[in-house]
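Chemist: Have a look at the structure that comes next, please.
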Amino acid sequence: MRLPLLIAALIGLAACTFDPETGQFVPPPLADQPHPVPYVATKDGPHSIPAVPLEKVNPAYQRTIVANPLRGEAAGTILIDTAARFLYLVQDDRTALRYGISVGREGFDWTGEAVVARFAQWPTWTPPPEMIRRQPDLAKWAGGQPGGPRNPLGARAIYLTQGGVDTGYRIHGTPEWSSIGRAASSGCIRMVNQDVIDLYGRVQKGAKVIVR
């Protein structure tokens, strides 16, 4: 082995702990690791997504690799922690991807288990009748607001069911990056568009979603 490679290997082992029972070196505890993909401006199909001003976003709500808080669940399982405003995507028994989210305002929050049933890119948003009654100006979208940068569902939507029935709740994008970390939606789970696109590309139909 060349000397530089030998030195690098020894440095790597120095960061580990030797387990005499297994005869192996154990890596140090996983620390939060910023995800390498930045929140830059990008084109997505015919639409432009502006950059997220990270200096104005709490670093805790930026996409990060963390220790898995949901041991025993299959890779691809989603955990939504409504109190902490985090969404976790299980990678393996050790790690998860953590995203910052916005959750439902008081009176619109929900908990339980659901299943990922459907996906949509730049989805049409149709406000429910009860929302139109609360906000009459939304009546113009009673037939559906076309997808686009100003659409409340953002760049992607992940539709959830319980027992095969649509819950009415979505994991979706939002152009309102400043809402992340707050209770600001009407019950759905919001993510900045860059994050929901990333999640959309990783989640499989039928994945379990746990909402706490």
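The values are calculated or read from the model by the stated rules, or taken from the named source; none is laboratory data. Everything quoted here is computed from the prediction, not taken from an experiment. Positions of Cβ are generated from backbone atoms using ideal geometry, with glycine treated the same way; all protein chains shown enter the neighbour counts.
Chemist: Taking the condition in contact with a Gly (Cβ under 6 Å, 6 or more places away or on another chain), part of a loop (DSSP other than H, G, I, E, B), in the same structural domain as I158 (by TED's automatic domain parsing) and buried (at least 18 other Cβ atoms within 10 Å of the Cβ), does P127 pass? So that I can check it myself, show each step before the final result.
Modeler: Details: in contact with a Gly (Cβ under 6 Å, 6 or more places away or on another chain): no; part of a loop (DSSP other than H, G, I, E, B): yes; in the same structural domain as I158 (by TED's automatic domain parsing): yes; buried (at least 18 other Cβ atoms within 10 Å of the Cβ): yes.
Spelling it out, it is not the case that P127 is in contact with a Gly (Cβ under 6 Å, 6 or more places away or on another chain), part of a loop (DSSP other than H, G, I, E, B), in the same structural domain as I158 (by TED's automatic domain parsing) and buried (at least 18 other Cβ atoms within 10 Å of the Cβ).
Chemist: Also, quick follow-up: Exactly one of (1) within 17 Å of the chain's Cα centre (by Cα); (2) without any contact (Cβ under 8 Å) to a residue 40 or more places away in the chain is unmet by Y169. Its number?
Modeler: (2)
Chemist: Another question, then. Take A120 and decide whether it is in contact (Cβ under 8 Å) with a residue 60 or more places away in the chain, assigned by TED's automatic domain parsing to the domain that holds V165 and not acidic (D, E). Steps first, please.
Modeler: Numbers: in contact (Cβ under 8 Å) with a residue 60 or more places away in the chain: no; assigned by TED's automatic domain parsing to the domain that holds V165: yes; not acidic (D, E): yes.
No; evaluated as a whole, the condition is false for this residue.
Chemist: Residue check: is G181 in contact (Cβ under 8 Å) with a residue 60 or more places away in the chain, surrounded by fewer than 17 Cβ atoms within 10 Å (Cβ to Cβ) and either among the acidic types (D, E) or not in a helix (DSSP H, G or I) (or both)? Reasoning before the result, please.
Modeler: Values: in contact (Cβ under 8 Å) with a residue 60 or more places away in the chain: yes; surrounded by fewer than 17 Cβ atoms within 10 Å (Cβ to Cβ): no; either among the acidic types (D, E) or not in a helix (DSSP H, G or I) (or both): yes.
Here the answer is no, as G181 does not meet what is asked.
Chemist: For V165, only one of the following conditions fails: (1) of a type in the set (V, I, T); (2) out of contact with any Leu (no Cβ under 9 Å at 6 or more places or on another chain); (3) surrounded by 15 or more Cβ atoms within 10 Å (Cβ to Cβ). What is its number?
Modeler: Against the list (1) of a type in the set (V, I, T); (2) out of contact with any Leu (no Cβ under 9 Å at 6 or more places or on another chain); (3) surrounded by 15 or more Cβ atoms within 10 Å (Cβ to Cβ), V165 comes up short only on (3).
Chemist: Of the conditions (1) more than 16 Å from Q204 (Cβ to Cβ); (2) among the β-branched types (V, I, T); (3) in contact (Cβ under 8 Å) with a residue 60 or more places away in the chain; (4) touching a Leu at 6+ places or on another chain (Cβ under 9 Å), I132 satisfies every one except a single condition; which number is it?
Modeler: (3)
Chemist: Please work out which residue is farthest from R212 (Cα to Cα), limiting yourself to region 184-200 and to residues that are touching a Ser or Thr at 6+ places or on another chain (Cβ under 8 Å) and either without any contact (Cβ under 8 Å) to a residue 12 or more places away in the chain or outside any helix (DSSP H, G or I) (or both).
Modeler: Ranking the qualifying residues of region 184-200, first place goes to V192.
Chemist: Continuing with this model, one more query. When only residues in region 73-88 that are farther than 15 Å from V196 by Cα and touching an Asp or Glu at 6+ places or on another chain (Cβ under 8 Å) count, which is modelled with the highest pLDDT? Can you show your working first?
Modeler: Our first condition is that a residue be farther than 15 Å from V196 by Cα; within region 73-88, this holds for 73-75, 77, 81-84.
Subsequent filtering for residues that are touching an Asp or Glu at 6+ places or on another chain (Cβ under 8 Å) retains 75, 82.
Numbers: A75: 96, T82: 90.
Result: A75.
Chemist: In this structure, does L160 turn out to be buried (at least 19 other Cβ atoms within 10 Å of the Cβ), closer than 19 Å to I210 by Cα, under 19 Å from the mean Cα position of the chain (by Cα) and not basic (K, R)?
Modeler: The answer is yes for L160.
Chemist: Would you mind finding the one in S102, S48 that is of a type in the set (G, A, S), under 20 Å from G173 (Cβ atoms) and modelled with pLDDT of 95 or more?
Modeler: Working: S102 fails: modelled with pLDDT of 95 or more.
Just one listed residue meets the conditions, S48.
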